[in-house]
């Protein structure tokens, strides 16, 4: 048999979930979120932001201090891990070193009421799916890191869980393998229609695999959206800074007309979507590749000097000194005549800059 | 090289009869009297001509002085002189025994000897050392181990002393098992002694007495299995229940280390002996005559369980904590409930720990001498049988050797059985990065009996130790229960006279000797152990595995076996140290060295190798690196090794009992003597004092280690950083 579309895939819903360690350490603070069935959602954030705790709350390895957690239509808030239909791929893989690969993959099936023959059949189908058929009799210690990782995925997959959880699954792999494995995970998820919650601190990885990304910071959700929304329209300074590289400058919002704001940075005036801000002090975020540099003097621009110019192969990187602090810009034009010491006029590509609340 | 010449020309060649530390020889006819003359004078006076060939070997390296290190001749000269000189020393040492020439043709060559040759003294020692280092320096110059003189020298040194003080005695003992009455070798004698009914008899199956070998084996298996179970129970209580007094349970693990081995046996007599408290109480209750049921297997078993359970706990706590929480969490997310998780994941992952704990319990039980002696009754075990074969009326060295061999075979057999059971499966957690999470609690069906057993056993242990303290103040147990300081006064009385304090108590002699010997052995043990650990963790050289096996071997050898083999080996030249303090010190060094090695390896493997490498690339050689970088970071390990060896030297009995002499009596053998005279009060009082002294020593360690903790934590975090990719 082969593993085909998963009819079990279920949604996950958090309502006001809080997790407090000890007396006053809030690891997760009043989070409400819905994860649709059959989607891959990433929890992204710096270490200590509460993303792993959120994942463990879904798994039932931690119990929430308050709020309700639902998987599908079932309230699982007080169910332990064993009784939730969820399986997890651990950062360290947590393969049982004393069991063979096949025994590892069969482990969960043994406790799920399958008959022996069926257990074996399903386990072998799982190994086949991750491209490891024929490795069943090996011990985990006899496999490479990437193979161990796949065994861990197979072990979680064969249970056909309602929700599949990944805790930084790629952090122990080398860079090349990471790209390959994350594509495989995404492919399996889409082919089988699984609900996957995926924790990572690597924003590139998150952008590449996710249907939706939930950025967390200091135990709360900083922004929740598609990869494109997060990159092009970050909601606040933290997200702009955390996802990709961004220059963040002080600015003044002069007037708001409908959805459009007139904004000023020094002498440079521009119109932007207002992002719901009021007139007054604010911040502007601009990606390095959305900054345009001009040799000639321009009226409406920021004046700057090139501090450093670095050639990195596919593009040029500039570090600029301006009245508003250092800025970082890149250009795909590797033949650009600009070099260290030149004075330049800086403008922003249209649609590039975003107004940010603090 | 200077050392070698000094050894040959200046200090006396032979051992001085007054003892190693006496310097009276400086005034007694030195340097011309044959007894105390240096080797050179002996040769010049034509007395000991066989020492003459040493001269060219010592002179040889002078040729090398002018040469460069990378010169081929330099290395060749050093290797040749070192190897031949050392070989000659050994050859001449063995060929002249107590009764003159050992081999007939030498006698015809040199003529009969008027006098015997004594054991090696300072001179011989220094010359031997010099030859050893000529040799290693030569090898280093040849390019072994990157041409590092310090490392090659250290390896040579450790190999030499382990060979002399571990392998040589054991092989010697092996040989003596085959020696007949008239000093010829015969397999028949061995077979005869080996098949003795007292050794292998199966009488107990039909109501009689079993052989000592069977007794030992049964006892050791029982003790190994039960201590493992109890140790596991305590480890589970500490890590997987909501138990609150974890620290005090950990403190309990110190007890067996500081308790002289037979003290628990004494306490059991006080409780369960014929006039023991509980025996009396029960006897009155159900109206039977108090019996001697505790003497024999039950008593020895209880005593050893009490003594060795904390050791099993110590082994298992590390393993139980070491099972990665991720493993257990993974099992839970894979729909296994708590009980299934424990049964299929936690327990199998603890297998290496269980095997180790069993092995330790087995070996400790095999080697235990004090408890069977005190409580054994008619239940003969190998260790006591060996003792009686040597000191008893039978005085049969051959029999002792055979018994020791059987004992050794059992322990080594257990080693291999353990290896076999663990097989080649892997139990270590791979990719140990990022293991957060907590251990799940035990399933409630398991936690209730576990807590119950742990509670009962704790109360029992506490009672036993209370009895020890209480017993030391009782006039005569079971007969006259008045409280008294009499025993302490007998043992530790002192008078303040005109010439200062006079130590009049009967125990002072052995007490000071013990302290002195322990204080000498401790630093030496730590040094040898740590240098060995350094070599094992930081250097790569051919035969490293064999080297490691050799250094750990003395741990697997029961103390009784060491004791017997030492008196057999070192009773005669060239190394004649029986009856001196040196043999005690040496036996402690090699008994306790493996612990120093283990402690050293454990903390050295936490220090990143890049630390030494950076020191080496900054221009330090490996000795300077060891001294300036490794050693300061190893303070906790050094202190642990120091205190452990100090304390063990004070409580050891199994090897010591064979090696003590009238001049050098140790506390433990003194106490055993009291016990044999049924003088329990004094024995217990003395033991209690020893426990107090050692508690103080351990406390001192805690304070010192606490102080260095900061430095070590820093080094650890540095290591962690280095490991993060």
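Relative to the present Cα-Cα distance, how much length would full extension add between residue A:339 and residue A:191 at 0.36 nm per residue of separation?
Additional length available on full extension: 48.3 nm.
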Let me know the mean shielding of B:322-331 by other chains, meaning the per-residue number of their Cβ atoms within 10 Å of its Cβ. 6
Kirkwood-Stokes translational diffusion coefficient of the stretch A:117-212, alpha-carbon pairs, 25 °C, 0.890 mPa s, µm²/s: 175
Across peptide A:203-214, how many C-beta atoms of other chains are within 10 Å of each residue C-beta, on average? 0
Average partner coverage of A:76-83, which counts Cβ from other chains inside 10 Å: 4
Compute log10 of I(q)/I(0) for the stretch A:76-130 with the Debye formula, placing one identical point scatterer on every Cα and leaving out solvent, at q = 0.16, 0.20, 0.25, 0.30 Å⁻¹, to two decimals. -0.57, -0.85, -1.13, -1.25
Taking a crude spin-label model, label points 7 Å out from Cα along the C-beta direction, the residue B:545 to residue A:295 distance in nm is 7.1
Evaluated at 20 °C and 1.002 mPa s, the Stokes-Einstein D of the stretch A:12-232 based on the Kirkwood radius over Cα pairs, in µm²/s, stands at 120
In units of 2.2 N^0.38 Å, what is the alpha-carbon radius of gyration of the stretch A:245-356? 1.08
What spacing in nm lies between the two simple spin-label points modelled at residue B:519 and residue A:357, each 7 Å away from Cα in the Cβ direction? 7.4
Heads up, the stretch A:44-162 by the C-alpha gyration tensor (a ≥ b ≥ c square roots of eigenvalues; a/c under 1.5 rounded, else a/b over b/c prolate, else oblate) looks oblate
Once the piece of chain linking residue A:245 and residue A:259 is laid out straight, how much longer is it, given 0.36 nm per residue of separation minus the C-alpha distance between them? 2.4 nm
If r is the Cβ-Cβ distance from residue A:226 to residue B:469 and R0 is 60 Å, what FRET efficiency results, to the nearest 0.05? 0.20
Kindly state, to the nearest 0.05, the FRET efficiency for residue A:68 paired with residue A:317, given R0 = 51 Å and r defined as their beta-carbon distance. 0.55
Modelled label-to-label distance, residue B:703 and residue B:412, 7 Å Cα→beta-carbon offset: nm? 4.6
Rg/Rh ratio calculated on Cα atoms of the stretch A:155-314 (Kirkwood radius): 1.07
Round to the nearest 0.05 the FRET efficiency obtained for residue B:695 and residue B:321 when R0 = 35 Å and r is the Cβ-Cβ distance. 0.85
Name all residues of the stretch B:358-381 having a backbone nitrogen under 13 Å from the label point set 7 Å from the Cα of residue B:457 along its Cα→Cβ direction, giving them as ranges. B:358, B:361
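No lab work stands behind these numbers, since they all come straight from the coordinates. None of the values given here were measured: they were computed from a predicted structure. With ideal geometry, Cβ positions are generated from the backbone for all residues, glycine too; neighbour counts draw on all protein chains shown.
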